[in-house]
Amino acid sequence: MPVPGVDIPGVGCGLAIVRDGRLLLYRRTRPPEAGHWNIVGGKVDHMERSQDAARREAEEETGLAIGQIDFLCLSEQIIAADNQHWVSVIYVSEDFTGEPRVMEPQKLPEFGWFALDALPQPLSRFTADAVAALHATGRLPETSA
């Protein structure tokens, strides 16, 4: 059976979670892009809407309860170093309750809230696309006080 993202292009999703002009990012430990900072997200399951997958992944990875989410952008990642190809639907939310936690320490061991002018490096490709879209739509200010 083909492996999504490796043998055939995979369908992914992401959720840019914004609070007080800051973006929630987690550091990845697994490919693709191990060691990169990332918005939360993952694979869209068969017969699962990408919006529902983004909410599910965000809740599993952060412990937050996610409310309203809106479409932000599409991102295609062809990562030759990891032999992976993904097309990701990215959403944004400022509607959530709770405080983020490390829920999957083996995959996402640390997190933080970051202003656009103080983003940790390196960023994953789909996170860089999300940040560009947040800036373009005015949902995340270019600089913070």
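Read-outs: derived from the displayed coordinates by stated rules, not from any lab. Worth saying up front: this structure is predicted, and the values here are computed from it rather than measured. For neighbour counting, all protein chains shown are included, and Cβ atoms are generated from backbone atoms with ideal geometry for every residue, glycine included.
If you line up the long axis of helix 50-62 against the longest principal axis of the chain, both from Cα atoms, how many degrees apart are they, to the nearest 10? It is inclined by approximately 70 degrees. Against the chain, whose longest principal axis comes from its Cα atoms, helix 125-137 is set at around 40 degrees. Just to be sure I understand, if you calculate Rg and Dmax of the Cα atoms in Å for this structure, which of [x] 27.7, 94; [y] 21.1, 66; [z] 14.2, 51 do you get? Checking each listed value against the structure points to [z]. Remark: the stretch 10-137 carries a charge dipole of roughly 240 debye about the Cα centre, counting +1 on each Lys and Arg Cβ and -1 on each Asp and Glu Cβ. Each of Phe111, Leu134, Leu74 was scored by the projection of its Cα onto the charge dipole of the stretch 10-137, and the greatest displacement toward the positive side belongs to Phe111; charges sit on the C-beta of Lys, Arg, Asp and Glu. Take 94-106, 15-27, 48-60 and order them by the average number of nearby Cβ atoms within 10 Å per residue, most first; the result is 15-27, 48-60, 94-106. In terms of the Cα gyration tensor, with a ≥ b ≥ c the square roots of its eigenvalues, is the stretch 66-109 rounded because a/c is under 1.5, prolate because a/b exceeds b/c, or oblate? Oblate is the answer for the stretch 66-109, as a/c is 1.5 or above yet b/c matches or exceeds a/b. Taking only Cα atoms and a 10 Å spring cutoff, compute GNM fluctuations for the chain and point out the largest among His85, His46, His135. In the Gaussian network model the winner is His46.
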